[in-house]
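Please treat every number below as a calculation from the coordinates, not as lab data. Note that this is a predicted model, so its numbers are computed, not measured. Glycine also receives a Cβ, built like all others from the backbone with ideal geometry; neighbour counts cover every protein chain displayed.
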Amino acid sequence: MKSTIKDSRTVQVMEVLGDDSRYAMYKLLLKGEDLCVGEIAARIGISISAVSQHFRSFESAGLIDKVRKGQKICYRLRSDDQFVKKLIRFTKGTI
């Protein structure tokens, strides 16, 4: 079976969200807040460096946008991306 770009992205996103810590981060972002690395680390109980590293996977999959807030970089789910919108609707229905 021939793989499409859409299939490839779906697989990539499933790999990202297949990790417990990354899924916990995703659930926090689902609430619609712009969250900074330190806030996420404190809420889910992992190190700041681990959160930063996990966000590289989110960025690679095109799931998040960066937002500068003074000295901090915060993150939010990409609300302008149709794939992300569908993912949000799907996961909100299962959480």
Condition broken by residue 46, with the remaining ones in (1) under 12 Å from the mean Cα position of the chain (by Cα); (2) surrounded by 13 or more Cβ atoms within 10 Å (Cβ to Cβ); (3) free of Cβ contacts under 8 Å to residues at least 60 places away in the same chain satisfied: (1)
Tabulated pairs, segment 82-94, first touching a residue at least 60 places away in the same chain (Cβ under 8 Å), second among the aliphatic types (A, V, I, L, M) and in a helix (DSSP H, G or I), C-beta under 9 angstrom, 6+ apart or interchain: 83/13; 87/13; 87/17; 91/17; 91/30; 92/30
Among the numbered criteria (1) out of contact with any helix residue (DSSP H, G or I) (no Cβ under 9 Å at 6 or more places or on another chain); (2) without any contact (Cβ under 8 Å) to a residue 12 or more places away in the chain; (3) surrounded by 11 or more Cβ atoms within 10 Å (Cβ to Cβ), which one does residue 41 miss? (1)
How many residues are out of contact with any strand residue (DSSP E or B) (no Cβ under 7 Å at 6 or more places or on another chain), surrounded by 17 or more Cβ atoms within 10 Å (Cβ to Cβ) and free of Cβ contacts under 8 Å to residues at least 40 places away in the same chain when one looks only at segment 51-79? 2
